[in-house]
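Trainee: I'd like to ask some things about the structure below.
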Amino acid sequence: DDDAMPLGKMDSFLAMLAGTGKTSFGLSLAARGDSHCFFNMSSQLPSGENATITGGDWSGVGTGNNGEIWDLQTCTFLVERIGFSPRSMFPNRPWTMDWLRSHCAARFGVEPKPFEYRKRWRFDDLVKGANATRILFTNGLNDGWSVGGIKEDLSDSILALNLETGAHHSDLSHQGPTEADTKEVKKAFRKISKILDNWLDEVKRESRASEAKLLRLSGYKVVD
(Lines give C-alpha, C1' and ligand atoms only; values in the text may rest on other atoms or scores of the structure.)
Protein backbone atom coordinates (compact mmCIF):
# COMPACT_ATOMS: atom_id res chain seq x y z
CA ASP A 1 0.00 0.00 0.00
CA ASP A 2 1.58 3.28 -1.13
CA ASP A 3 -0.28 5.20 1.58
CA ALA A 4 0.83 2.94 4.42
CA MET A 5 2.95 4.46 7.17
CA PRO A 6 6.63 3.38 6.87
CA LEU A 7 7.70 0.87 9.53
CA GLY A 8 10.12 3.31 11.13
CA LYS A 9 7.41 5.89 11.60
CA MET A 10 4.98 3.25 12.80
CA ASP A 11 7.44 2.17 15.50
CA SER A 12 7.87 5.79 16.58
CA PHE A 13 4.11 6.32 16.56
CA LEU A 14 3.50 3.27 18.75
CA ALA A 15 6.26 4.41 21.10
CA MET A 16 4.58 7.79 21.36
CA LEU A 17 1.26 6.17 22.30
CA ALA A 18 3.04 4.08 24.91
CA GLY A 19 4.62 7.22 26.35
CA THR A 20 8.18 6.15 25.53
CA GLY A 21 8.73 8.18 22.36
CA LYS A 22 10.01 11.73 22.05
CA THR A 23 7.48 12.88 19.45
CA SER A 24 4.10 14.22 20.55
CA PHE A 25 0.98 15.43 18.83
CA GLY A 26 0.96 19.07 17.81
CA LEU A 27 0.80 21.20 14.73
CA SER A 28 2.15 20.05 11.43
CA LEU A 29 5.62 18.66 11.89
CA ALA A 30 5.74 18.25 8.12
CA ALA A 31 5.75 22.03 7.77
CA ARG A 32 9.08 22.02 9.63
CA GLY A 33 10.49 19.24 7.50
CA ASP A 34 10.39 16.76 10.37
CA SER A 35 10.97 13.26 9.01
CA HIS A 36 9.04 11.75 11.94
CA CYS A 37 5.76 13.45 11.02
CA PHE A 38 2.73 11.17 11.40
CA PHE A 39 -0.13 13.53 10.52
CA ASN A 40 -0.43 17.00 9.05
CA MET A 41 -2.40 18.52 11.90
CA SER A 42 -2.51 22.06 10.46
CA SER A 43 -5.42 21.03 8.23
CA GLN A 44 -7.45 20.27 11.38
CA LEU A 45 -7.16 23.71 12.98
CA PRO A 46 -10.31 25.69 13.76
CA SER A 47 -10.56 29.35 12.70
CA GLY A 48 -9.74 32.34 14.87
CA GLU A 49 -6.79 33.70 16.77
CA ASN A 50 -4.77 31.44 19.07
CA ALA A 51 -6.33 28.34 17.49
CA THR A 52 -5.04 25.01 18.77
CA ILE A 53 -5.66 21.40 17.89
CA THR A 54 -6.56 20.69 21.51
CA GLY A 55 -9.81 22.40 22.48
CA GLY A 56 -12.55 22.26 25.08
CA ASP A 57 -13.89 19.09 23.45
CA TRP A 58 -11.11 16.50 23.54
CA SER A 59 -12.81 14.40 20.90
CA GLY A 60 -12.11 17.31 18.55
CA VAL A 61 -13.80 20.67 17.97
CA GLY A 62 -13.62 20.48 14.17
CA THR A 63 -12.19 22.82 11.57
CA GLY A 64 -12.92 26.32 10.28
CA ASN A 65 -15.70 28.48 11.68
CA ASN A 66 -17.62 25.47 13.00
CA GLY A 67 -14.59 24.43 15.04
CA GLU A 68 -14.16 27.93 16.45
CA ILE A 69 -17.83 28.16 17.46
CA TRP A 70 -17.80 24.71 19.08
CA ASP A 71 -14.61 25.49 21.00
CA LEU A 72 -16.21 28.72 22.27
CA GLN A 73 -19.29 26.81 23.42
CA THR A 74 -17.15 24.34 25.36
CA CYS A 75 -15.27 27.31 26.85
CA THR A 76 -18.42 28.98 28.16
CA PHE A 77 -21.62 27.10 29.09
CA LEU A 78 -21.14 23.66 27.53
CA VAL A 79 -18.25 22.39 29.63
CA GLU A 80 -17.39 18.77 28.87
CA ARG A 81 -15.68 16.87 31.68
CA ILE A 82 -14.04 14.30 29.44
CA GLY A 83 -10.54 12.84 29.78
CA PHE A 84 -8.62 9.82 28.52
CA SER A 85 -7.72 7.13 31.03
CA PRO A 86 -4.70 4.79 30.83
CA ARG A 87 -7.15 2.06 29.80
CA SER A 88 -8.37 3.90 26.69
CA MET A 89 -6.93 3.60 23.18
CA PHE A 90 -5.73 7.21 23.42
CA PRO A 91 -2.70 8.66 25.23
CA ASN A 92 -3.46 9.09 28.93
CA ARG A 93 -4.78 12.59 29.62
CA PRO A 94 -6.75 13.40 32.79
CA TRP A 95 -9.31 16.22 32.54
CA THR A 96 -8.82 19.24 34.78
CA MET A 97 -10.72 22.50 35.18
CA ASP A 98 -7.41 24.33 35.56
CA TRP A 99 -6.36 23.27 32.06
CA LEU A 100 -9.71 24.35 30.60
CA ARG A 101 -9.56 27.75 32.30
CA SER A 102 -6.06 28.30 30.92
CA HIS A 103 -7.06 27.26 27.39
CA CYS A 104 -10.22 29.36 27.32
CA ALA A 105 -8.48 32.45 28.66
CA ALA A 106 -5.73 32.19 26.05
CA ARG A 107 -8.10 31.31 23.19
CA PHE A 108 -11.09 33.59 23.80
CA GLY A 109 -10.47 35.58 26.98
CA VAL A 110 -13.43 33.90 28.69
CA GLU A 111 -14.07 31.92 31.87
CA PRO A 112 -15.91 28.56 31.70
CA LYS A 113 -19.26 28.54 33.52
CA PRO A 114 -20.25 24.87 33.81
CA PHE A 115 -23.41 25.51 35.87
CA GLU A 116 -24.83 28.38 33.81
CA TYR A 117 -27.49 26.29 32.04
CA ARG A 118 -28.83 25.21 35.41
CA LYS A 119 -28.83 28.75 36.77
CA ARG A 120 -30.40 30.43 33.74
CA TRP A 121 -32.78 27.81 32.37
CA ARG A 122 -33.14 25.27 35.20
CA PHE A 123 -31.89 22.32 33.18
CA ASP A 124 -31.77 20.46 36.49
CA ASP A 125 -35.57 20.73 36.80
CA LEU A 126 -37.22 21.37 33.44
CA VAL A 127 -40.72 20.47 34.63
CA LYS A 128 -41.23 22.49 37.84
CA GLY A 129 -38.19 24.77 37.85
CA ALA A 130 -38.36 25.91 34.22
CA ASN A 131 -42.04 25.11 33.62
CA ALA A 132 -40.96 23.81 30.21
CA THR A 133 -43.25 22.03 27.77
CA ARG A 134 -43.10 20.46 24.31
CA ILE A 135 -39.49 19.30 24.22
CA LEU A 136 -38.45 16.10 22.45
CA PHE A 137 -35.02 14.64 23.30
CA THR A 138 -33.71 12.06 20.84
CA ASN A 139 -30.80 9.75 21.61
CA GLY A 140 -28.92 7.38 19.35
CA LEU A 141 -27.66 4.84 21.87
CA ASN A 142 -24.64 3.93 19.73
CA ASP A 143 -23.53 7.54 20.11
CA GLY A 144 -21.12 8.00 23.02
CA TRP A 145 -22.75 11.34 23.83
CA SER A 146 -26.00 9.56 24.69
CA VAL A 147 -24.68 8.84 28.20
CA GLY A 148 -25.30 12.51 28.98
CA GLY A 149 -28.71 12.63 27.34
CA ILE A 150 -32.19 12.70 28.80
CA LYS A 151 -33.45 9.20 28.06
CA GLU A 152 -36.74 9.10 29.99
CA ASP A 153 -39.95 11.11 29.63
CA LEU A 154 -40.03 13.89 32.20
CA SER A 155 -43.69 14.82 31.68
CA ASP A 156 -46.55 14.40 29.22
CA SER A 157 -44.88 16.88 26.87
CA ILE A 158 -41.17 16.58 27.70
CA LEU A 159 -40.40 13.35 25.91
CA ALA A 160 -37.44 11.10 25.18
CA LEU A 161 -37.05 8.94 22.10
CA ASN A 162 -34.19 6.41 22.20
CA LEU A 163 -32.87 4.66 19.10
CA GLU A 164 -31.12 1.40 20.00
CA THR A 165 -29.26 1.35 16.67
CA GLY A 166 -28.99 5.14 16.35
CA ALA A 167 -25.61 6.78 15.83
CA HIS A 168 -24.29 10.33 16.15
CA HIS A 169 -26.83 12.68 14.48
CA SER A 170 -28.44 9.80 12.57
CA ASP A 171 -31.84 11.28 13.48
CA LEU A 172 -30.95 14.84 12.40
CA SER A 173 -30.62 14.42 8.64
CA HIS A 174 -31.96 17.39 6.66
CA GLN A 175 -33.13 14.91 4.03
CA GLY A 176 -34.48 12.06 6.10
CA PRO A 177 -35.95 9.65 6.11
CA THR A 178 -34.02 8.32 3.14
CA GLU A 179 -33.19 4.90 1.75
CA ALA A 180 -29.81 5.18 3.50
CA ASP A 181 -31.49 5.25 6.93
CA THR A 182 -32.14 2.15 9.02
CA LYS A 183 -35.69 0.91 9.61
CA GLU A 184 -35.50 2.22 13.16
CA VAL A 185 -34.42 5.70 12.05
CA LYS A 186 -37.17 5.81 9.41
CA LYS A 187 -39.73 4.85 12.06
CA ALA A 188 -38.31 7.49 14.41
CA PHE A 189 -38.65 10.20 11.74
CA ARG A 190 -42.33 9.33 11.35
CA LYS A 191 -42.88 9.40 15.10
CA ILE A 192 -41.01 12.70 15.49
CA SER A 193 -43.04 14.27 12.66
CA LYS A 194 -46.31 13.14 14.25
CA ILE A 195 -45.36 14.53 17.67
CA LEU A 196 -44.28 17.88 16.22
CA ASP A 197 -47.40 18.14 14.04
CA ASN A 198 -49.59 17.56 17.11
CA TRP A 199 -47.72 20.21 19.08
CA LEU A 200 -48.01 22.73 16.24
CA ASP A 201 -51.75 22.09 16.05
CA GLU A 202 -52.02 22.60 19.82
CA VAL A 203 -50.14 25.90 19.62
CA LYS A 204 -52.37 27.12 16.78
CA ARG A 205 -55.54 26.25 18.72
CA GLU A 206 -54.21 27.94 21.86
CA SER A 207 -53.24 31.02 19.85
CA ARG A 208 -56.68 31.31 18.24
CA ALA A 209 -58.36 30.87 21.64
CA SER A 210 -56.13 33.55 23.17
CA GLU A 211 -56.84 35.99 20.33
CA ALA A 212 -60.57 35.38 20.62
CA LYS A 213 -60.45 36.04 24.37
CA LEU A 214 -58.62 39.34 23.84
CA LEU A 215 -61.16 40.40 21.23
CA ARG A 216 -64.09 39.63 23.57
CA LEU A 217 -62.44 41.62 26.36
CA SER A 218 -62.08 44.48 23.89
CA GLY A 219 -65.80 44.39 23.14
CA TYR A 220 -65.60 42.74 19.73
CA LYS A 221 -67.99 40.01 18.73
CA VAL A 222 -66.16 36.82 17.82
CA VAL A 223 -67.72 34.48 15.25
CA ASP A 224 -66.26 30.94 15.28
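The values are calculated or read from the model by the stated rules, or taken from the named source; none is laboratory data. It should be emphasised that the depicted structure is a prediction, and the values quoted were computed from it without experimental measurement. Quick reminder, even Gly has a Cβ in these numbers, built from the backbone with ideal geometry, and neighbours come from all protein chains shown.
Trainee: Within the range 173-219, how many residues are exposed (fewer than 10 other Cβ atoms within 10 Å of the Cβ) and at pLDDT below 85?
Mentor: Here the count works out to 5.
Trainee: Can you say whether Glu179 is among the acidic types (Asp, Glu), over 22 Å from Gly144 (Cα atoms) and not in a helix (DSSP H, G or I), as far as the supplied structure shows?
Mentor: For Glu179, the condition - among the acidic types (Asp, Glu), over 22 Å from Gly144 (Cα atoms) and not in a helix (DSSP H, G or I) - is met.
Trainee: Now a separate question. Counting only residues that are surrounded by 15 or more Cβ atoms within 10 Å (Cβ to Cβ), of a type in the set (Asp, Glu) and out of contact with any helix residue (DSSP H, G or I) (no Cβ under 7 Å at 6 or more places or on another chain), give me the helices (runs of 4 or more DSSP H) lying completely in the range 51-162 with at least 1 of them. Don't jump to the end; show me each part of the working.
Mentor: On the way: elements: 64-74, 97-107, 116-121.
Correct list: 64-74.
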